[in-house]
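The values are calculated or read from the model by the stated rules, or taken from the named source; none is laboratory data. The shown structure was predicted, so the numbers you read here are calculated from the model rather than taken from an experiment. Cβ placement follows ideal geometry from the backbone for every residue including glycine, while neighbour counts extend to all protein chains displayed.
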Amino acid sequence: MKTACIFDLDGVIVDTAKYHYLAWKRLANSLGFDFTEHDNEKLKGVSRIESLKLILQLGGQQLSEADFEAALTRKNNWYLEYINTIGPEEILPGAFAFLQSAKQLGMKVALGSASKNAVLILQRIGLLEQFDAIVDGNKVSKAKPDPEVFTKAAQELGVDARQCIVFEDAVAGVQAALNADMHVVGIGEAKVLHQAHVVLPNFSGTNIEQVVQSLPESA
Ligand code: BG6
Ligand code: MG
């Protein structure tokens, strides 16, 4: 039985993935190299620290510990500049109605995000009160694809892993859900998220009952 939904935040509930990309690109440019949208796919779902390590690898650069910390702060300040102006209009198409459909069916809903800015974003888009549990980047020590974020969310909800359906837009997030032994629905492109049990372009025109039916028996 599937009794709980765990939603990733950036790129699933809200359109913040583009702001992460813009802030990282600005940082890469300030360090003297470019950062493409193609490279950005590898960063989706990945923690801030791991993201910077990957970017520096791509740019063939190394930073001292102090400069590394300063770069993290600069990126986050640029990111906060972008998200400080967002509101409910940035909720992705169909996401709120989908969340409601799960709650109406009596399912528990949790957030499972790598972001340390998750609560701020949920406040800005008016969805903070909708979740039964919130596990974000402040509560976990291991980055996706480690299953920690989703396993903790299931624990906070008081449900077993096999009862959970995870919704993810990132390759690392899909892998984290599989590593947690959960059902996983990819939100985005099937060719990128092919490891997910089911992939949807977005939440428009669907609801939780249709998604549950579309999951393969073996999932
Ligand atoms: C994830 C994003 O949700 O959160 C990543 O997909 C981001 O791109 C990560 O790096 C950490 O976010 P934050 O807000 O703590 O820098
Ligand atoms: Mg995401």
- Message: For segment 127-149: of the residues being in a loop (DSSP other than H, G, I, E, B) and hydrophobic (A, V, I, L, M, F, W, C), which is modelled with the lowest pLDDT?
- Response: Ala143
- Of all residues making up segment 162-178, the number that are within 16 Å of ligand 2 (Cβ to nearest atom) and over 13 Å from the mean Cα position of the chain (by Cα): 2
- Here the residues within segment 105-120 that are touching a helix residue (DSSP H, G or I) at 6+ places or on another chain (Cβ under 9 Å) and more than 8 Å from ligand 1 (Cβ to nearest atom) are Leu105, Met107, Lys108, Val109, Ala110, Leu111, Gly112, Val119, Leu120
- Query: In segment 7-45, which residue that is among the polar types (S, T, N, Q) and within 16 Å of ligand 2 (Cβ to nearest atom) is surrounded by the fewest Cβ atoms within 10 Å (Cβ to Cβ)?
  - Reply: Asn40
- Task: Tell me which of these Tyr79 doesn't satisfy, since it passes every other one: (1) without any contact (Cβ under 8 Å) to a residue 60 or more places away in the chain; (2) within 30 Å of Gly32 (Cα to Cα).
- Result: (1)
- Message: So, Val159, is that one β-branched (Val, Ile, Thr) and within 15 Å of ligand 2 (Cβ to nearest atom) or not?
- Response: no
- Note on the structure: Here the residues within segment 34-70 that are charged (D, E, K, R) and in contact with a helix residue (DSSP H, G or I) (Cβ under 8 Å, 6 or more places away or on another chain) are Asp34, Glu37, Asp39, Glu41, Lys42, Lys44, Arg48
- Message: Please go through (1) assigned to a helix (DSSP H, G or I); (2) in contact with a Cys (Cβ under 7 Å, 6 or more places away or on another chain); (3) not polar (S, T, N, Q) for Ala70 and return the number of the only condition it doesn't satisfy.
- Response: (2)
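Each row is one residue, and each column tells you yes or no for (1) surrounded by 20 or more Cβ atoms within 10 Å (Cβ to Cβ); (2) within 27 Å of Asp39 (Cα to Cα); (3) in the same structural domain as Glu41 (by TED's automatic domain parsing).
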site: Ala97; (1), (2), (3): no, no, no
site: Gln104; (1), (2), (3): no, no, no
site: Met107; (1), (2), (3): yes, no, no
site: Leu111; (1), (2), (3): yes, yes, no
site: Ile125; (1), (2), (3): yes, no, no
site: Val149; (1), (2), (3): yes, yes, no
site: Gln163; (1), (2), (3): no, no, no
- Query: Is one or more of the residues making up segment 155-174 basic (Lys, Arg) and farther than 16 Å from Thr16 by Cβ?
  - Reply: yes
